[in-house]
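Visitor: Quick one: this structure, given as structure tokens, is what I'll be asking you about.
The values are calculated or read from the model by the stated rules, or taken from the named source; none is laboratory data. Quick caveat: nothing in here was measured; it's all calculated off a predicted structure. Positions of Cβ are backbone-derived with ideal geometry, glycine not excepted, and every protein chain shown enters the neighbour counts. We work out accessible area using only protein heavy atoms, side chains counted, and drop any ligands, DNA or RNA first. Shrake-Rupley method; radii C 1.70, N 1.55, O 1.52, S 1.80 Å.
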Amino acid sequence: MLEEFAEGIWLANGPAVVAAMGFRYPTRMAVIRLPDGGLWIWSPVALDHQLKWKIDNLGPVRFLVAPNHLHHVFLSDWVEAYPEAQVAAAPGLAEKRDDLSVDITLGRTPDPAWADVIQQVRVDGNRITTEVVFFHQPSRTVLVADLLQQLPVGWFRGWRALVARMDGMVGLEPAVPRKFRVAFQDKEAARTAVRRILAWRARAVVVAHGAPVTTDGNALLRRAFAWLDD
Ligand SMILES: [Fe+2]
């Protein structure tokens with residue numbers, strides 16, 4: 001369930017969700033403890049009693065973060081459980097979910113409430129979604145929701161397995177799926193964002209759909225985005 005990944009950051013796996021065309025995705029969230037003890041929760045997964053009990057033992061929930069407009073499915077349950085928490089969402093989510101009240105729209109620079117320990121880069125120029133990529137400085141961990149994916153081999157069956165392999169969703173390491181690559185209308189904007197992400201010199205990379213990478217994160221990120229320079 002909720003496990004410490006490094007000092008000040010925890011990960012939890014959630015149950016799979018079903019997306020477009022019946023594709024099931026494993027889910028993962030991250031919890032970061034801010035210097036004041038409050039919790040910053042990235043891409044929250046389904047909330048059950050056990051997870052809530054563990055979260056409550058870590059500290060008060062201050063922020064619920066939707067890193068792109070696709071990761072919002074469980075937000076309302078979290079808002080109900082933690083009404084005092086602020087919702088911080090990527091551009092596009094407020095329009096999509098007018099039932100949610102978005103307190104902070106994620107921009108190019110981190111909110112002062114978390115800027116001491118978390119940096120962020122907004123990856124502009126993609127038709128599918130505008131994702132905000134985060135960096136937990138103390139553990140040098142980059143958080144990526146959908147721009148990088150690595151579903152376990154054998155996760156999909158039949159035609160979906162074929163499509164997933166062709167799309168680059170299933171591979172030796174997290175990669176940018178082909179559908180996201182072709183959706184970059186503005187490659188220069190993407191290159192600028194990736195340069196800033198690489199400047200973090202990450203140790204670890206946590207993706208929402210795939211296994212975390214714990215060493216040489218920066219080398220992985222460089223390989224994953226090398227196609228942008230083609
Ligand atoms: Fe996703």
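Visitor: Per residue of region 9-17, what does 6.51 cos²θ - 1.76 cosθ + 1.60 with θ = phi - 60° give for ³J(HN,Hα)? Whole Hz please, x for Gly and Pro, Karplus curve as stated.
Guide: 9, 10, 10, 9, 8, x, x, 5, 10
Visitor: Of L70, L64, which has the most accessible area with a 1.4 Å probe, and how do the rest follow in descending order?
Guide: Numbers: L70 65, L64 0 Å².
Result, largest first: L70, L64.
Visitor: In addition: Between S101 and A113, what length in nm is gained on full extension when 0.36 nm per residue of separation is reduced by their alpha carbon distance? Please report the intermediate quantities before stating the final value.
Guide: Numbers: separation 12, 0.36 × 12 = 4.32 nm, distance 1.86 nm.
Stretched fully, the S101-A113 segment lengthens by 2.5 nm.
Visitor: Another question, if that's okay. Could you give the distance between the Cα centres of region 187-230 and region 1-30, to the whole Å?
Guide: Going from one Cα centre to the other spans 19 Å.
Visitor: Return one whole number: the accessible area per residue of the chain in Å², for a 1.4 Å probe. Present the calculation step by step, with values, prior to reporting the outcome.
Guide: Numbers: 10650 Å² over 230 residues.
Per-residue accessible area for the chain comes out at 46 Å².
Visitor: Now, a different point. Keeping the other protein chains in place, figure out the carbon and sulfur percent of the accessible area of the chain, with a 1.4 Å probe.
Guide: On the chain, the fraction of accessible area on carbon and sulfur atoms equals 52 percent.
Visitor: Under 5 Å between amide hydrogens, which residues at least 5 positions from Q86 or on another chain qualify, with H placed 1.01 Å from N in the peptide plane?
Guide: For Q86, whose amide H was placed from the backbone, the distant partners under 5 Å are F63, L64.
Visitor: Separate question: Take every DSSP beta bridge whose two residues both sit in the chain, then give the antiparallel share in percent to the nearest 5.
Guide: 65
Visitor: What distance in nm lies between label points placed 7 Å from Cα along the C-beta direction at A226 and L162?
Guide: In this crude spin-label approximation the distance works out to 2.9 nm.
Visitor: Quick one: grab the alpha carbon gyration tensor of the chain, order the square roots of its eigenvalues as a ≥ b ≥ c, and give me rounded if a/c is under 1.5, else prolate or oblate depending on whether a/b is larger than b/c.
Guide: rounded
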